[in-house]
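One structure is given below, encoded as structure tokens.
The values are calculated or read from the model by the stated rules, or taken from the named source; none is laboratory data. Since the model is a prediction, treat every value here as computed from it, not as a measurement. For accessibility, only protein heavy atoms count, side chains too; no ligands or nucleic acids. Shrake-Rupley method; radii C 1.70, N 1.55, O 1.52, S 1.80 Å.
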Amino acid sequence: MRPIRAACLGTATALVTTLLACSPVAAAAGPDTDSDHGKGRDRVITLIGRLAQQTRIPVNPGGAPAQGDRTAFRSNLFDQAGNQVGETNGTCTTTRVDNGGAEECTVTYSLPGGQLAVQGMVFRHLIPGPPPSFDNAITGGTGEFDRARGSVHADTIAPGTRRFTIDLHG
């Protein structure tokens, strides 16, 4: 039977790090004006994601993991002070089951001021134990995050909990 793990807390999913400066989302996602959207606005947002809901949709119910297995998930996002500041919603699709497995994930981070679209691979998700760390790409955004680019790094810090370091490049 396939191990049930919180492998998809967010990328992206993320969700989820290196010990970078933590700042509340409200401060990190401060106001923008149309004239300076995305121009020289590099910033780092560090959040904690706690898995709220996860559903696995296997290709072979009751059987071994298979290419095409899907996971849908949602996690709540918290700043360093413990205030809930958003959530992630996403899906991951298994693309490989050998060598520990691989899955492609698409995740939306809903934050104050807008959303971030994140996409990428998670490797070795089928190996028992804590879910692996991963890095995924920020492919776009809305509101204060329109034209967003950068990456999200995620580390598992406790069962069902990840630290996401969102590195935005302007």
Quick one: 3J(HN,Hα) in Hz for segment 99-109, Karplus 6.51/-1.76/1.60 with θ = phi - 60°, rounded, Gly and Pro as x. 6, x, x, 8, 9, 9, 10, 10, 9, 10, 9
Express in Å², to the nearest 10, the accessible area of residue 78 obtained by rolling a 1.4 Å probe over the protein heavy atoms while all chains stay in place. 30 Å²
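Would you mind calculating the gained length between residue 137 and residue 95 on full extension (0.36 nm times residue separation, minus the Cα-Cα distance), in nm to one decimal? Don't skip to the answer; put the middle values down first.
On the way: separation 42, 0.36 × 42 = 15.12 nm, distance 1.79 nm.
Working it through step by step, the gained length comes to 13.3 nm.
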With a 1.4 Å probe and all protein chains kept in place, how much accessible area does residue 135 have, in Å² rounded to the nearest 10? 100 Å²
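Starting from the residue with the highest accessible area, list 127, 57, 138, 48 in decreasing order, probe 1.4 Å.
Numbers: 127 60, 57 85, 138 5, 48 35 Å².
Sorted descending by solvent-accessible area, the residues read 57, 127, 48, 138.
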The percentage of the accessible area of segment 52-102 (probe 1.4 Å, all protein chains present) made up of carbon and sulfur atoms, to the nearest whole number, is 47 percent
Whose amide H sits under 5 Å from the amide H of residue 160, counting only residues 5 or more places off or on another chain, with H placed in the peptide plane? 6
In sequence order, calculated HN-Hα J values of segment 120-126 (Karplus, 6.51, -1.76, 1.60; Hz; x Gly/Pro): x, 9, 10, 9, 6, 6, 8
